[in-house]
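K.L.:
Let me begin by handing over the structure; questions about it come next.
Throughout, read-outs are computed from the coordinates displayed, never taken from laboratory work. Just so we're clear, the structure is a prediction, and the values are computed from it rather than from any experiment. Here the Cβ is made from the backbone with ideal geometry for all residues, glycine too, and neighbour counts use every protein chain on show.
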Amino acid sequence: MMNLRRMLLASAFALSAAAAGAQQAPLSPPAQAAAPTAISDSHLAAARDVVVGSGLARTFEGMVPQIADQIRAGYSRTRPEIIKDMEESLRPIIAGLNKRTDAMIDASARLYAQRIPESELKEIAAFFKSASGQRYVNSQGQILNELFTEMQVFSQTLGNVMMDLLREDLRKKNIQL
């Protein structure tokens, strides 16, 4: 579960990195959903370059092996006698499911292409191909691991402070939690 959280956090960072790479002002959300428009092949290709270059694609590519590892871990404790057979069965299943990650990469590219003009996607992709962009992407894993720990501490601290303040305020009203 922690790795899934890290992958989601990595996805969020990749999305924010794309915005930072484009150096554009934040966009306000549209009043209503925009009607789907046709996206050119070159626009989609630029968006796919961003998805791959930002490291977001690696998040999707890591999901199948991670899920397989979770299944293995669960059954290795409860049904160790079937591990060999399970491994034989998992190999082709994993290979088949790995092919599905391309669909997720394409879906992500489509989302980028629907929201960011092709010219800006090309700028973002160029950033990720640059030495600075590569350094950014390559350091994400370690930074996200450390940030995840910091976020847990931060969240716990906020929860404790909130409960203390709530108890204090309710005590003033003669209410005990």
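K.L.:
Apply the Karplus curve 6.51 cos²θ - 1.76 cosθ + 1.60, θ = phi - 60°, to the phi angles in the stretch 115-124 and return the couplings in whole Hz, x for Gly and Pro.
P.N.:
For the stretch 115-124, the Karplus curve yields 10, 10, x, 4, 4, 6, 4, 5, 5, 4 Hz.
K.L.:
If you don't mind, there's one more thing I want to ask. Among 90, 44, rank each residue by its count of other Cβ atoms within 10 Å, from fewest to most, as a rough exposure measure.
P.N.:
Numbers: 90 14, 44 18.
Least to most surrounded, the residues fall as 90, 44.
K.L.:
Once phi is turned into ³J(HN,Hα) by the Karplus curve 6.51 cos²θ - 1.76 cosθ + 1.60 with θ = phi - 60°, what whole-Hz value does each residue of the stretch 147-156 show in order, with x for glycine and proline?
P.N.:
For the stretch 147-156, the Karplus-derived couplings read 5, 4, 5, 4, 5, 4, 4, 4, 4, 4 Hz, x marking Gly and Pro.
K.L.:
Sticking with this one: Determine, at each q value in 0.10, 0.11, 0.16, 0.17 (inverse angstroms), the log₁₀ of I(q)/I(0) that the Debye formula gives when each Cα of the stretch 50-177 is one equal point scatterer.
P.N.:
Once normalised to I(0) and log-transformed, intensities are -0.63, -0.71, -0.95, -0.99.
K.L.:
Hey, another quick one. Dipole magnitude of the stretch 55-177 about its Cα centre, charges +1 at Lys/Arg Cβ and -1 at Asp/Glu Cβ only, in debye to the nearest 20? Don't skip to the end; give the middle numbers.
P.N.:
On the way: 17 positive and 16 negative charges, 44 e Å.
In debye, rounded to 20, the stretch 55-177 gives about 220.
K.L.:
Net charge near residue 121: determine it from the other residues with C-beta under 10 Å of the C-beta of residue 121, scoring Lys and Arg +1 and Asp and Glu -1.
P.N.:
Working: positive: 48, 115, 122; negative: 49, 118, 120, 123.
Result for the local shell: -1.
K.L.:
Another one. Can you run phi through the Karplus equation (6.51, -1.76, 1.60; θ = phi - 60°) for the stretch 81-92 and list ³J(HN,Hα) in whole Hz, with x for Gly and Pro?
P.N.:
3J(HN,Hα) across the stretch 81-92, in whole Hz: 5, 9, 4, 4, 5, 5, 4, 4, 6, 5, 3, x.
K.L.:
Identify, among 111, 151, 125, the residue whose Cα sits farthest towards the positive end of the charge dipole of the stretch 106-161, taking +1 on the Cβ of Lys and Arg and -1 on the Cβ of Asp and Glu, with the dipole about the Cα centre.
P.N.:
125
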